[in-house]
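Structure, as C-alpha cells:
All of the numbers you see were taken from the coordinates with simple rules; none came from a lab. As the structure is a computational prediction, the values presented were derived from the model and not from experiment. FYI the Cβ positions are ideal-geometry reconstructions off the backbone, even for glycines, and counts take in every protein chain you see.
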Amino acid sequence: MAGQLLMAYADVGGNRKLKNISFIDLEISDFGMTGMDLGSWNYNTGYQNLLIKNVLIHDVRENGIVSYAFYNPKNTGWAHRNIRVINTVVHDVTGYAAKTHRGNGILLGDVDSGLIEGCTAYNNGTKNTACGGPGGIWAYESNSITIQFCESYANKCGTGCDGLGFDLDGGVTNSFLQYNYSHDNAGAGYLLGQYDDARPWANNTVRYNISENDGRRNGGGITLFKGYKTTMKGAMIYNNTVYISKADTNKFIGAFSMFDIDTGINGTVVYNNIFQTKDDVPLVNVPKRYQAKLNQNLYWSSGDSFKIKYQGKDYHTLTDWQTATRNEMFDTLPTGLVADPKLLNAGGGKTMYPDTLTKLTNYKLAPTSPAINAGFDLRVMYGIKTGNRDFWGDSLYLDTAVDIGAYESHIITAVNAAVNQFQYRVFPNPTPQGMELKIMYNALKLSAEIYTVQGVMVMKQISSGGSFMVIATQSLPKGIYFLRLMDEKGFAKVEKIMVE
C-alpha cells in the first residue's frame, strides 16, 4: 500500500463498537496526511479488537498512526477497546506548521486496554511548530495502556516543543511504560504529562527502561509536568537506567526532572533507579512547589561534583539533601548510593533497530558494580507488583536480592552452578529481649553476614556441625538490611530483612 492513506472512521450512534479489524503487512509512504487514521466522533462509539501488525509508515507529512474520539473532559468510558500495535515502524513523519502538534509516530487516544509492543519510532517531527507534542510513541485520554519492548529515538520538535521518546499523557490511567529504549530525543525520554483540563491522570508506572541522552531541547531522562484545572497522582518510577549529558539549549535538563507549570503532582515515588549524568547536568531537577519521594536510587556524576536541584535549592552532597528534604530516607535509615554504577559502555549511543532490544550490550552492570544486590525489594517493602523480568528478559528474584537499575545481574560462579546447592529457611523469632533470626539449613558449614543497604557489614556469624543457627538482631538499629548466607562450598544466597 505504498503511497496510500488508510483511514477508519466511525460516527454511528449508540456507543457501538465496530469489531475485529486487522491491518497486517502494510507499507504506507509518501503521503501528505496521516498514515493510519483511526477515529470516531459520536461519544463512545469506536473500534474494538483492532490489530495493527508489521506495518511500515515513513515519509508522510502529518502523523504516523493516530487514534482519537469525541473529546469531552467530563466523559466517562472510552471509545476504543483492545487496540494493539505490534512490530510496527514509523519514521520520517515531518509534521508541518499548524496550531497543534504535527509529526507524531504512534499515538493512541481514547483507548481502554491498548498495547504497543516491539515498535520503533524515529526522526519524526522535524517541521513541527506547535507544543503539546509531537512524540515518538505515546498515549492520551486512555486506560490500561502498555507500551513495551519499543525503541524511540532522534524524534524532533521543529521550532515547537516536546519531541519526546515515550509518554503517558493527559487523562491516562493504570498504564505501563516498560522494557523500552529511548535515546537522543529532543524531548524527554519518558514523559508523564497532564495537559490543561484533561481527565484525571492516575496510577501509571515507568519501569525497567533505558534512556540515553534524551532532553536535547526540553525535559530530561524521566520528566513530569502538569497543566491547569486537572489532577495528577500515583506515578511509580522504578528500576530504570538514565544516562544524560549536557544540552546547551535545555536549562531544565536532569536525569529526573519536573516542569514548573502548576502544582498538584501527588504521590510520585522513585525507587531503585540509576541516574548518571555528565557535564554538570543535575541528577535531579525539581522546581519549587513540586515534590517526589526518592528512595534507594544510585547517583553518579561521571567525575563532576554531585548536583541535585530541588525546590529552589542546590545540594552538593547526598547527606545535605537527605537532611533538608527527607528524600533518600527510610524512617531514620539513610538510603541511596553515590557511586560509579559501572555501566557497560554508558553513553555509547547505539541504535538497535532493526535488531531486537535484548541484544543491546550497553547499560548492563559490570560484575563489580555497587548496584548489584543493592536495590529495595519493592514487593516486600511497598507491596508493588514489579513483574518478573528485567530489560533484557532475565528473570527477577532468581536470588532474593534486587539490583538497582534496569539490569538484574544474577552473577553465578562455577561453584554456584553445582547441583547440590544448600537449602535454608529464615524464621523471625520474637523473644522478650527483641527479635532474633532462626535459620534452618542443610550445609556442613554456614556463614551468615548482615549488611546495611550501603553495603557495610555490621554482623557476622559462623556455624558448623548443626542444622540451626540463631542470630540476635536486637543490637541493630531499626531499618533494612541484607542477610548473606554462604555454605562451605562458597555458594551464597541473600535475603532482605527488616529490623523493627
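Assorted remarks:
- Divided by 2.2 N^0.38 Å, where N counts the residues, the Cα radius of gyration of the chain comes to 1.05.
- Positive-pole candidate from ALA374, SER182, MET498, dipole of the chain, charges at beta carbon: MET498
- Centroid-to-centroid separation of segment 55-121 and segment 265-290 [C-alpha atoms, Å]: 29 Å
- Rounded to the nearest 20 debye, dipole of the chain from Cβ charges on Lys, Arg, Asp, Glu: 800 debye
- Cβ-placed point charges (K, R +1; D, E -1), dipole of segment 215-266 about Cα centre in debye, nearest 20: 80 debye
- Pairwise label distance in nanometres, GLU117 with HIS316, each label 7 Å out on the Cα-Cβ vector: 5.0 nm
- Full extension of the chain between TYR9 and VAL380 gives 128.9 nm of extra length, using 0.36 nm per residue less the Cα-Cα distance.
- Peptide ranges 308-319, 190-201, 279-290 listed from the most packed, as the mean C-beta count within 10 angstrom indicates: 190-201, 279-290, 308-319
- When the charge dipole of the chain is built from unit charges on Cβ atoms (+1 for Lys and Arg, -1 for Asp and Glu) and taken about the Cα centre, the candidate among TYR397, ILE147, LEU476 whose Cα reaches farthest toward its positive end is LEU476.
- Debye, to nearest 20: dipole size of segment 168-252, +1 on Lys, Arg Cβ, -1 on Asp, Glu Cβ: 220 debye
- At R0 = 60 Å, FRET efficiency that the Cβ-Cβ distance of SER22 and PHE468 yields, to 0.05: 0.45
- Projected label points at THR100 and ASP59, each 7 Å from Cα along the beta carbon direction, are separated by 2.9 nanometres.
- Given their separation in residues at 0.36 nm each and the Cα-Cα distance between them, LEU344 and THR361 gain 5.4 nm when the chain is fully extended.
- DSSP-defined beta bridges in segment 6-359 - what % are antiparallel, rounded to 5: 5 percent
- Ranking VAL55, GLY32, SER113 by how far each Cα lies toward the positive end of the dipole of segment 20-119 (charges on Cβ) leaves SER113 at the top.
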